[in-house]
Amino acid sequence: MKTVKHKILVLSGKGGVGKSTLSAHLAHGLAEDENTQVALLDIDICGPSVPKIMGLEGEQVHQSGSGWSPVYVEDNLGVMSVGFLLSSPDDAVIWRGPRKNGMIKQFLRDVDWGEVDYLIVDTPPGTSDEHLSVVQYLSAANIDGVVIVTTPQEVSLQDVRKEINFCHKVKLPLIGVVENMSSFVCPRCKKESQIFPPTTGGAEAMCQDLQIPLLGRVPLDPQIGKSCDKGQSFLTDAPDSPATLAYRSIIQRVRAFCHRHPSHEEEQRSTS
Amino acid sequence: MPALCGGPRSQTTPRLPWTCSPRPISGRGACWVPVPTAPVPPAPGNLSGVRHILLVLSGKGGVGKSTLCAQLALALRHEGKKVGVLDVDLCGPSVPRMLGAQGSAVHQCDSGWVPVYMDQEQSVALMSVGFLLEKPDEALVWRGPKKNALIQQFVSDVAWGELDFLVVDTPPGTSDEHLSVVEALRSHQPLGALLVTTPQAVAVGDVRRELTFCRKTGLRVVGVVENMSGFACPHCSECTNVFSTGGGEELARHAGVPFLGSVPLDPQLARSLEEGGDFMRDFPGSPAYPALAAIARKILDAAQAPGPG
């Protein structure tokens with residue numbers, strides 16, 4: 001982890017809100033600058049979605065003298081996931097907590113990431129073994145911040161508030177909240193619908209209440225699901241979509257946050 | 001072992017009369033696990049009055065497991081059945097809100113914990129960690145062993161009484177909660193598992209692993225339900241496949257299990273869940289209703305058919 005400048009966790013108390021989608025597109029967006037080295041680590045041991053979303057299904061991990069090699073999408077974008085260790089798409093990882101923790105430790109310790117500007121960690125939903133472990137194992141290396149993902153409805157927000165409380169408990173800085181699936185524009189009549197109604201004010205109300213930045217609201221675009229299924233970057237598949245513009249703005253805010261808050265390693269280098 | 005996993009003074013310890021005490025786990029030092037303060041004699045089979053147990057699983061999060069559990073409970077209730085819902089999603093317990101029972105308290109009786117009843121007739125009984133938390137926003141930051149202990153208690157210590165169906169809501173994945181609940185329920189011969197997916201390949205990819213879990217643990221798969229199957233624009237009725245199409249049916253075919261139906265996206269259903277309303281009673285004309293009612297009928301048929309479980 002000494003060679004990793006900025007570490008960002010993507011969390012949500014709730015499943016299916018778009019953590020992996022956001023993690024993948026954060027990685028793609030940051031890696032568009034060829035001089036920026038980006039790493040994407042998927043610690044969702046039971047439901048590793050990242051290989052599919054990044055178009056890397058079926059890839060295998062290689063070992064070298066310096067550790068496990070990540071699988072590279074581009075020269076400057078490397079990925080690691082338990083998905084690469086499974087020989088078949090039907091293989092299930094039916095592990096209890098301690099074994100999952102062991103794998104996460106190996107991912108953080110034994111993967112040879114090289115010099116990396118941004119490490120993005122995609123997580124499963126919840127506040128359990130995986131989350132405790134990644135915070136514990138990265139505690140010495142300082143996590144820059146957390147991006148919390150939600151959808152507008154209270155059923156999601158009630159779980160997300162728990163996640164925010166978890167972050168406060170373990171002293172993780174919050175970069176902000178992304179509200180996904182905010183609204184849907186009919187491709188035929190162009191009228192807007194709210195498929196997941198924000199009955200309690202959505203992420204905006206929650207963020208105001210908890211004094212946390214709302215990084216952006218991403219509308220539902222059917223192309224997002226299609227791009228993820230094909231393993232392609234939605235940002236390049238649909239550059240003019242309002243969802244792409246929303247993602248790009250979020251990526252910019254995350255980048256700005258990291259630069260406003262120099263990493264632990266950068267501070268050490270500047271004082272030595 | 002760091003204090004992160006909670007301890008006796010942890011705010012997240014459920015408010016029922018129990019405390020946490022250290023139990024050595026070989027090779028790892030102590031881990032705090034909950035133990036009842038006053039020893040409760042084991043009740044003679046709190047599940048003995050439950051006729052059919054159905055687990056609702058998905059490898060993927062956010063596909064509608066809790067939604068389906070809630071709607072199945074309501075639909076079965078409207079068919080005159082007595083239903084229980086056991087929510088073993090300890091980190092994200094959605095069932096209390098969805099069935100309008102948020103803030104209810106759990107009481108004890110001679111046989112154990114009394115479930116929370118949705119109505120005076122006691123036709124729908126609920127148990128969830130959501131009822132045990134002091135504050136709804138408090139995170140339950142527990143590692144596996146502590147979660148396993150609570151799930152075992154949920155299975156053995158809730159006085160369900162006579163029920164036609166017990167529907168078990170689970171978190172996504174194939175880990176502690178799933179292993180624990182399957183092991184705890186094994187001797188009660190569950191009817192089987194209902195697998196929920198959404199249409200896109202990313203979801204189906206995870207649900208395939210859940211099918212493997214069912215096979216490896218000997219859990220029969222009653223069928224696959226595909227949720228969020230398309231959205232009909234309320235303005236012009238154009239149907240858009242927001243989350244792709246076809247994945248659920250293809251998955252069922254690939255796995256050789258029944259496909260029980262596709263439930264479309266329905267903002268009225270989403271609103272009902274937010275408000276804890278009875279969607280199955282109040283909105284029979286809404287897009288999601290026919291599919292949900294059909295799925296409930298198929299579950300009833302499966303329960304009546306002779307066979308394992």
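The values are calculated or read from the model by the stated rules, or taken from the named source; none is laboratory data. What you see is a predicted model, and the numbers here were worked out from it, not measured in a lab. Neighbour counts run over all protein chains shown; Cβ positions are idealised from the backbone, glycine included.
Results, tabulated for the structure shown:
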read-out: Residue in segment B:133-144 that is assigned to a strand (DSSP E or B) and surrounded by fewer than 22 Cβ atoms within 10 Å (Cβ to Cβ) present; value: no
read-out: Condition check for residue A:174: under 16 Å from the mean Cα position of the chain (by Cα), surrounded by fewer than 23 Cβ atoms within 10 Å (Cβ to Cβ) and closer than 30 Å to residue A:219 by Cα; value: yes
read-out: Count of residues meeting criterion [in contact with a Leu (Cβ under 7 Å, 6 or more places away or on another chain), part of a helix (DSSP H, G or I) and away from chain B (no Cβ under 11 Å)] in segment A:138-172; value: 1
read-out: Top-ranked residue of segment B:187-232 - restricted to ones that are within 12 Å of chain A (Cβ to nearest Cβ) and over 23 Å from residue A:93 (Cβ atoms), ranked as nearest to the chain's Cα centre (by Cα); value: B:227
read-out: Options B:202, B:257, B:222; residue that is at pLDDT 95 or above and either within 30 Å of residue A:191 (Cβ to Cβ) or part of a loop (DSSP other than H, G, I, E, B) (or both); value: B:257
read-out: Options A:15, A:83, A:78; residue that is in contact with a Gly (Cβ under 6 Å, 6 or more places away or on another chain), closer than 26 Å to residue B:204 by Cα and either of a type outside the set (Phe, Trp, Tyr) or modelled with pLDDT under 90 (or both); value: A:15
read-out: Any hit, segment B:260-278, residues being in contact with a helix residue (DSSP H, G or I) (Cβ under 6 Å, 6 or more places away or on another chain), β-branched (Val, Ile, Thr) and in contact (Cβ under 8 Å) with a residue 60 or more places away in the chain; value: yes
read-out: Which listed residue is closer than 21 Å to residue A:15 by Cβ and of a type outside the set (Asp, Glu), from A:102, A:47; value: A:47
read-out: Lone unmet requirement of (1) under 16 Å from the mean Cα position of the chain (by Cα); (2) over 30 Å from residue A:229 (Cβ atoms) for residue B:174; value: (2)
read-out: Pair list, Cβ under 7 Å, 6 or more apart: segment A:93-119 residue under 27 Å from residue B:217 (Cα atoms), other residue surrounded by 19 or more Cβ atoms within 10 Å (Cβ to Cβ) and of a type in the set (D, E, K, R); value: A:96/B:176; A:97/A:129; A:97/B:143; A:97/B:176; A:100/A:129; A:100/A:130; A:101/A:129; A:104/A:130
read-out: Selection count, segment B:239-251, where residues are part of a helix (DSSP H, G or I) and either within 9 Å of chain A (Cβ to nearest Cβ) or under 21 Å from the mean Cα position of the chain (by Cα) (or both); value: 2
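Residue-wise test of (1) in contact with a strand residue (DSSP E or B) (Cβ under 8 Å, 6 or more places away or on another chain); (2) at negative phi; (3) in contact (Cβ under 8 Å) with a residue 60 or more places away in the chain.
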site: B:192; (1), (2), (3): yes, no, yes
site: B:208; (1), (2), (3): no, yes, yes
site: B:214; (1), (2), (3): yes, yes, yes
site: B:217; (1), (2), (3): no, yes, no
site: B:222; (1), (2), (3): yes, yes, yes
site: B:246; (1), (2), (3): no, no, no
site: B:251; (1), (2), (3): yes, yes, no
